[in-house]
C-alpha cells in the first residue's frame, strides 16, 4: 500500500526526471539528505509535510531556473539580448 507521502515523492521524482534532473539535484536544493528521502519513498519512515513541500518547491525552482536559462539562450540566439 502506498502512502500519500510516498505518492508525493514519486510524483516529485517523476517531475524532476522528466525535466532532466535527478533526485540528488532536488535533495541538494531542498537541503534534505538523499538517504532520508529514500527512506520516505520506501515507507521506512514518514516525512513531515514541510519536508515534502520543500522537495516540491525545490523541483519547481530547478525547472524554473532551467526554463529561464533556455529562454535567455533563445533570445541571445535570435539577437534579442
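Take the eigenvalues of the Cα gyration tensor for region 4-77, scale each by 5, and report the square roots as semi-axes in whole Å, largest first. Intermediate results must be reported in sequence, preceding the final value.
Working: eigenvalues 146, 21, 18 Å².
Whole-Å semi-axes of the equivalent ellipsoid: 27, 10, 9.
Given the -39500 (n - 2.57) contribution per DSSP H run of 4+ residues, what per-residue ellipticity at 222 nm results for the chain, rounded to the nearest 500 deg cm²/dmol?
Values: 4 runs with 60 residues, N = 81.
Rounded to the nearest 500, it is -24000 deg cm²/dmol.
In percent, rounded to a whole number, the relative contact order of the chain is 33, using alpha-carbon pairs under 8 Å and six or more apart.
Dimensions of region 29-72 based on its C-alpha atoms, expressed as ranges along the principal axes with the largest first, amount to 42, 17, 14 Å.
Every read-out reported here was derived from the displayed coordinates using simple, explicitly stated rules and does not represent laboratory data. Keep in mind that this is a model prediction, so the values were computed, not measured.
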